[in-house]
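> Before I ask anything, let me first share the structure, which is written out below as structure tokens.
Here, each number is a calculation from the coordinates, and none is a lab measurement. Predicted, not measured: the structure shown is a model, and the values here were computed from it. Note: ideal-geometry Cβ built from the backbone for every residue, glycine included; neighbour counts use all protein chains shown.
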Amino acid sequence: MKLRRERGDVPVGCLVGMVVFFVAVLIGIKATPVMIHVGELDKEINNLADRAGRRDYNDKRIVKDILRKAEEVNLPVTKESIKIERGRTHIKIWVTYQKDIDFVVYTYHWNKEHFQDRPIF
């Protein structure tokens, strides 16, 4: 009869659990900063949509401010990926881009679209 509690014996379940834990930590380390930057850009787009009713916030300024913020947080937003529609009572802003998150053995292509629809007063 063999004893399972020999010195140096590690259960296979423990090793599998450690591998899963380290993969989860790696994903968290790589993805969390990108998600924070996406949230900052979304907040900026929200603020710009709220201010769109002011005279000095024309479409050119909104595009310029979105591009400035995207560059600040290192997101691949271009002028062509920003679409603004202004009506008499509403403004709609779309920003679409793809952010690549590089893991050790896999690159995840995250397609993101920000959309804001606000009334203009």
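> Whole-Hz ³J(HN,Hα) for each residue in the range 60-65, computed from phi via Karplus 6.51 cos²θ - 1.76 cosθ + 1.60 with θ = phi - 60°, x for glycine and proline: what do you get?
Coupling constants for the range 60-65: 4, 5, 4, 4, 4, 5 Hz.
> Moving to a separate point now. Evaluate the Debye formula for the range 4-121 with equal point scatterers sitting on the alpha carbons, no solvent, and hand back log10 of I(q)/I(0) at q = 0.18 Å⁻¹, in q order, two decimals.
Each listed q corresponds, in turn, to -0.91.
> State log₁₀ I(q)/I(0) for the range 52-121 at q = 0.12, 0.13 Å⁻¹ as given by the Debye formula over alpha-carbon point scatterers of equal weight, solvent excluded.
With one equal scatterer per Cα and no solvent, log10 I(q)/I(0) is -0.39, -0.44.
> Take Lys60, project a point 7 Å from its Cα along the Cβ direction, then tell me which residues of the range 77-91 have their backbone nitrogen under 15 Å from it.
none
> Of Lys92/Lys112; Lys64/Lys99; Lys43/Lys112, which ones are farther than 18 Å apart at the Cα? Each step should come with its number before you reach the end.
Working: Lys92/Lys112 16 Å; Lys64/Lys99 20 Å; Lys43/Lys112 14 Å.
Exceeds cut-off: Lys64/Lys99.
> Under 14 Å between alpha carbons, and skipping anything fewer than 8 positions from Lys83 in its own chain: which aspartates and glutamates qualify?
Cα-Cα hits under 14 Å: Asp59, Asp65, Glu113, Asp117.
> In whole Hz, with x marking every Gly and Pro, tabulate ³J(HN,Hα) for the range 102-111 from phi via Karplus 6.51 cos²θ - 1.76 cosθ + 1.60, θ = phi - 60°.
My calculation for the range 102-111 gives 8, 8, 4, 10, 8, 10, 8, 9, 9, 8 Hz in order.
> Can you list the HN-Hα couplings for the range 12-29, worked out from phi with the Karplus curve (6.51, -1.76, 1.60; θ = phi - 60°), rounded to whole Hz and with x for Gly and Pro?
Once θ is set to phi - 60°, the couplings for the range 12-29 become 4, x, 5, 5, 5, x, 5, 5, 4, 4, 5, 5, 5, 5, 4, 4, x, 5 Hz.
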